[in-house]
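To keep things clear, I will list the structure first and then write my remarks on it.
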Amino acid sequence: MKFLDQVKIYIKAGDGGSGSPSFRREKFIEFGGPDGGDGGKGGSVILISERNLNTLIDFRYQQHFKAKRGEDGRGKNQTGRGGENLYLKVPVGTQVYEEDNKTLIYDFKRENEEYVAAIGGKGGFGNTKFKSSTNRAPKRFTKGKIGEEFWIWLQLKTIADIGIIGLPNAGKSSLLASVTSAKPKIANYKFTTLNPNLGVAQYDDKEITLADIPGLIENAHSGVGLGIKFFKTY
């Protein structure tokens, strides 16, 4: 299993539907009056934490996510259908940052936590809302509000329960392959593992996630070898 611990994604909540300027028109009814319904609310973009996920790999090939728009209002005082919310699953341990990748917005610490990352726009008012004793036939209606949209960063704080570390070509990948069903690349040369590999092992009726960490050598902290870019401190 490959892992991705940092991604930048664009999220767009749905716009609200516009209100309707409809008037009641029926045979033998001369003054039908306004009957325009309100627009539906746009869908929101909601992040939800999932314990069975260990990586952000699902966001590797798709970075744009948009919730559904609310439907416009209709005659006969029919309110438009609200847009469906868009749910994006992220691993427990994911942190959400603003576009600057420095300002923390939310930190997922438990399973099934929900965070509304972008709120859908409110629906507009139909002309029925503007009827009054002095204005019996209003033509006025309002359009729906624009849904929120942002670029955000997702960073994975924890990727494994156990990290296998050591010098290059010390057998870390072989150990991972022997205790889990992972199939990391194994070869007789240094730095075979360029990115951490994940595997899941069963122990005492529990699942434990192991990470095969790329080889660490002297002065790796200053960029020697593969460096320590794959390490993070929190």
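Throughout, read-outs are computed from the coordinates displayed, never taken from laboratory work. Because the structure is predicted, anything quoted here is derived from the model rather than measured. Don't worry about glycine lacking a Cβ; one is built from the backbone with ideal geometry, like all the others, and counts go over all protein chains shown.
What fraction of the DSSP beta bridges in the range 1-94 is antiparallel, stated in percent and rounded to the nearest 5? In the range 1-94, DSSP labels about 25 percent of beta bridges as antiparallel. Looking at the range 31-69, the trypsin sites (Lys or Arg not before Pro) that sit in a DSSP loop and have at most 13 other Cβ atoms within 10 Å of their own Cβ are R51, R60.
Of the chymotrypsin sites (Phe, Trp or Tyr not before Pro) found in the range 16-96, those that fall in a DSSP loop while having at most 12 other beta-carbon atoms within 10 Å are F28, F31, Y61. Stokes-Einstein diffusion coefficient for the range 1-159 at 4 °C in a medium of 1.567 mPa s, Rh from the Kirkwood formula over Cα pairs: what value in µm²/s? D = 74 µm²/s.
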